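Engineer: Here you go, one structure.
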Amino acid sequence: MVRNLLLRLQGPEASQQQLAPRIVQAAIFLVGAMTGLQHMGLDVSFIAELLILVVGVCLAGLSLAFALGARQYVANLVAGSAVARFAPGDHIVIDGTEGTILEIHRTGADLATAEGVVTVPASMFAELPVLRREDAGPPEEEV
């Protein structure tokens, strides 16, 4: 019943082979089997502890994978204060890219360059030297 409910919540494009509804169905079946065995008088504490250990190891693996996968995004979020020193309209050069800041967001900045708009991650503002150029306009000819 819970598996079917989860499939309905996922919408019409959900297939019967979805992993989350099957995991929930297996977990409910496992809890029911463990409860039944315990009511029959069997000691299931070892099996329960083993299952808790397996679930803990799986969750630790998932959290480690998430942490490693989100490392660059988190680095850009933390380095957001380095971008906050600049404002839209500033003309800068960073890592050989020269342009004018169009927009500053949490994880970086958009620069208008001669080639187009370039998104520079905030971590580059924290790690690399940034040259802020004062735009005085085009050079005037001497008479």
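Engineer: Counting only residues that are over 25 Å from VAL74 (Cβ atoms) and acidic (Asp, Glu), which one in region 110-143 is modelled with the highest pLDDT?
Structural biologist: GLU115
Engineer: Which condition does THR107 not pass, out of (1) at pLDDT 90 or above; (2) of a type outside the set (A, V, I, L, M); (3) touching a helix residue (DSSP H, G or I) at 6+ places or on another chain (Cβ under 8 Å), if it passes all the others?
Structural biologist: (1)
Engineer: Given the criteria touching a Leu at 6+ places or on another chain (Cβ under 9 Å), of a type in the set (A, V, I, L, M) and surrounded by 10 or more Cβ atoms within 10 Å (Cβ to Cβ), does LEU42 qualify?
Structural biologist: Considered against the rule, which asks whether it is touching a Leu at 6+ places or on another chain (Cβ under 9 Å), of a type in the set (A, V, I, L, M) and surrounded by 10 or more Cβ atoms within 10 Å (Cβ to Cβ), LEU42 comes out as no.
Engineer: What residue, among those in region 100-111 that are crowded, with 16+ Cβ neighbours inside 10 Å and assigned to a strand (DSSP E or B), is nearest to the chain's Cα centre (by Cα)?
Structural biologist: Per the criteria, the residue is GLY108.
Engineer: Right, next: Taking VAL44, is it at pLDDT 85 or above, closer than 30 Å to VAL118 by Cβ and outside the structural domain of GLU127 (by TED's automatic domain parsing)?
Structural biologist: no
The values are calculated or read from the model by the stated rules, or taken from the named source; none is laboratory data. Everything numeric here is computed off the predicted structure, so don't read it as measured data. Here the Cβ is made from the backbone with ideal geometry for all residues, glycine too, and neighbour counts use every protein chain on show.
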